[in-house]
Amino acid sequence: MRSLRAAIPLAVAASLVAVSPAAADAKAPPKAKTAGSPTVELTYPSIVRVRLGRTERALERATRKIENGKVPEAATTLKVVRRQMAAAWRGAKYVVRTAPPPPPDEDLARVRARKAGDPPTGPVYASPPETAFRVLTLQHDVSSAMVGLIDGSHGTGLDALATTLNLANDRRDQALAYILSVAPPVPPEDEDLARVRARTSQDDDDVVTFDTVMPNMNPQLDDELQAITGTLLDATDLTAGGRRLLNAANTQITATRAFTNTNWPLLPPED
């Protein structure tokens, strides 16, 4: 049975990223700590992990080139960002579509090991929901980075930023619609009962589902909307084209925020 939505963000979705994310070490694939354990790390499937690393490294290269005035080179590198970001979601979608449900005894053993603090005996692979959410976080990284680079950009540079920003936001909307189609939220229940079950699930370090990871989209989207608003108000070299781009992104992300909050809202704080 699928768990109720949890309010506490998972480590896999943790931190709202800065505008220029650090490049992933080619020899150290992206990992994330599992919820409820400071020692166990998640390893993402290679069909996603490799593409995550490529996207992040290309994003850092493009950012450096824009900062150094190498706009044509940055525009070329942003094509790599777009290709690899799209490929990362295709990989995550494949994982979600094809992964069989884990055996109950395996789930129980994993939960007990975490609660007991036992060290893992091997790699702990991310679940399909955790894998999908990692790609949603990548899309957030790309969208945030583009917003941060729009001030001062024009011509070829602004066109490349617009193409990349629009792709990140469009692909995220498509990903959210897909997730909703394969894992619709649990039916509404009595509010008090829902809180009890959700918090009990957190305390038990229950198996991760889309219901537990997807509410973490809301803070990411809030972060992007804050960055857009701040840029519109405080930017010192924002062109008319850049302002139109930010306004359009603000409209789209606001709609995305309403979609996620409708389907995967954060639970209200306990009285």
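The values are calculated or read from the model by the stated rules, or taken from the named source; none is laboratory data. None of the values given here were measured: they were computed from a predicted structure. Reconstructed Cβ throughout: ideal geometry from the backbone, glycine too, with neighbour counts over all protein chains shown.
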Which listed residue, of Ala145, Ala160, Ala177, is out of contact with any strand residue (DSSP E or B) (no Cβ under 8 Å at 6 or more places or on another chain), modelled with pLDDT of 95 or more and over 13 Å from Ile66 (Cβ atoms): Ala177
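From the list Ala255, Ala248, exactly one residue is at pLDDT 95 or above, touching a helix residue (DSSP H, G or I) at 6+ places or on another chain (Cβ under 9 Å), closer than 19 Å to Thr164 by Cβ and among the small types (Gly, Ala, Ser). Which is it?
On the way: Ala255 fails: closer than 19 Å to Thr164 by Cβ.
Testing whether each residue is at pLDDT 95 or above, touching a helix residue (DSSP H, G or I) at 6+ places or on another chain (Cβ under 9 Å), closer than 19 Å to Thr164 by Cβ and among the small types (Gly, Ala, Ser) leaves just Ala248.
Report whether or not Thr256 is over 15 Å from Leu180 (Cβ atoms), part of a helix (DSSP H, G or I) and either of a type in the set (Val, Ile, Thr) or touching a Phe, Trp or Tyr at 6+ places or on another chain (Cβ under 6 Å) (or both). Step through it out loud before you land on a result.
Details: over 15 Å from Leu180 (Cβ atoms): no; part of a helix (DSSP H, G or I): yes; either of a type in the set (Val, Ile, Thr) or touching a Phe, Trp or Tyr at 6+ places or on another chain (Cβ under 6 Å) (or both): yes.
Against the criterion (over 15 Å from Leu180 (Cβ atoms), part of a helix (DSSP H, G or I) and either of a type in the set (Val, Ile, Thr) or touching a Phe, Trp or Tyr at 6+ places or on another chain (Cβ under 6 Å) (or both)), Thr256 does not qualify.
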Residue in the range 90-105 that is of a type in the set (Val, Ile, Thr) and modelled with pLDDT of 95 or more present: yes
Failed item in (1) part of a helix (DSSP H, G or I); (2) crowded, with 22+ Cβ neighbours inside 10 Å, with Leu42 passing the rest: (1)
